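Okay, so here's the structure we're looking at.
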Amino acid sequence: MKLGIFGLGNMGTAIISGIIRGQILSHKEIWGFDTDTQKMTATKEALKIHCDDPQNVCKHSDLLILAVKPQDSHNLLREIKEYLSHQVLLSICAGISIDSIVENIGSDKKVARAMPNTPLLVGEGASCIAFNDHITQEEREFTLKILRSLGMAFEVDEKLMDAVTGLSGSGPAYVFMFIEALADGGVKAGLPRDLALSLAGQTVLGSSKLLLESGKHPGELKDMVTSPSGTTIEGVSILEKAAFRGAVMDAVYQASQRSVEMRQTHTLLS
Ligand SMILES: NC(=O)c1ccc[n+]([C@@H]2O[C@H](COP(=O)([O-])OP(=O)(O)OC[C@H]3O[C@@H](n4cnc5c(N)ncnc54)[C@H](OP(=O)(O)O)[C@@H]3O)[C@@H](O)[C@H]2O)c1
């Protein structure tokens, strides 16, 4: 299987780097195109992939990843429509549904839609993917293998994609805000900024790892740290009074609602 990528920006180049790093494909098996010629030249030099025009990218590829901004996706789809035959088209464009892609390229085409997140830049992404019915089991497995070379990947029903967008798509921003706030708290309590930021980042990384590797419920892990009349329960009490959990829940829900709105707008524009 060979890979073509449209859009060599943040996500496109991160995906290519992860695939090469994970030895899923070699650079010789990857084709790319970007309307920004400087970006295309830079990617060609850095990652040693083939860069060519859209027709040749389609011709050489079995899996095509659409990593352009959502507002650029419909024009690109119309442009490459005539070059599509056997390829699986995987869109990572936020808010662009499989139906709206199929409307542009034809209902007989193989289309998948994924929502990754930025930690895939360091091989720790969390992605969800939905496939249409034309994609074979072998093609599904290959596409999942590509996403799993960039972190975790789960197959879901497409109707869950707005919720996925609100949680793991937008989630890194909430986590970065939390890390920054932890560090600020450390500075307020007397720690030097650099040390506070390192401690905050590693605390979130380590806690996530402990949760995922132990399989324990987060409440159980929280209880393990909160001894009677201790320091941690004081902090937990402050977070509860500030409605921390409710605020995080609302953030995820509101982001997912915005994804619904954006999907509806893109459907109207397509
Ligand atoms: N960043 C995230 O957290 C995240 C998470 C999940 C999904 N996504 C999705 O990933 C996609 C890419 O995001 P990004 O942050 O990587 O964007 P980006 O850095 O702006 O990269 C997109 C690239 O595509 C180029 N482009 C525009 N039209 C094109 C066309 N017709 N053919 C080929 N290339 C074209 C753009 O060139 P110009 O700059 O010249 O327009 C740009 O270089 C978006 O749809 C986004 O919704 C992002």
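The values are calculated or read from the model by the stated rules, or taken from the named source; none is laboratory data. Since the structure is predicted, the reported quantities are computational estimates derived from the model, not experimental observations. Here the Cβ is made from the backbone with ideal geometry for all residues, glycine too, and neighbour counts use every protein chain on show.
Tabulated data for the structure shown
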item: In segment 107-165, the residues that are closer than 18 Å to K2 by Cβ and out of contact with any helix residue (DSSP H, G or I) (no Cβ under 9 Å at 6 or more places or on another chain); result: T136, E138, E139, R140, E141, F142, T143, L144, K145
item: Among residues of segment 55-71, those that are in contact (Cβ under 8 Å) with a residue 40 or more places away in the chain, assigned to a helix (DSSP H, G or I) and either out of contact with any helix residue (DSSP H, G or I) (no Cβ under 9 Å at 6 or more places or on another chain) or farther than 19 Å from T265 by Cα (or both), counted; result: 3
item: Residues satisfying the stated conditions in segment 198-255, i.e. not in a helix (DSSP H, G or I) and not aliphatic (A, V, I, L, M); result: G215, K216, H217, T226, S227, P228, S229, G230
item: Single residue of segment 168-184 satisfying the filter (touching a residue at least 60 places away in the same chain (Cβ under 8 Å) and either in a loop (DSSP other than H, G, I, E, B) or surrounded by fewer than 20 Cβ atoms within 10 Å (Cβ to Cβ) (or both)) that is nearest to the chain's Cα centre (by Cα); result: S170
item: Residue that is touching a Ser or Thr at 6+ places or on another chain (Cβ under 6 Å), assigned by TED's automatic domain parsing to the domain that holds E138 and either more than 9 Å from the ligand (Cβ to nearest atom) or of a type outside the set (A, V, I, L, M, F, W, C) (or both), where the choices are H74, H60, H86; result: H74
item: Residue match in segment 164-183 (condition: outside the structural domain of V122 (by TED's automatic domain parsing) and in contact with a Leu (Cβ under 6 Å, 6 or more places away or on another chain)); result: yes
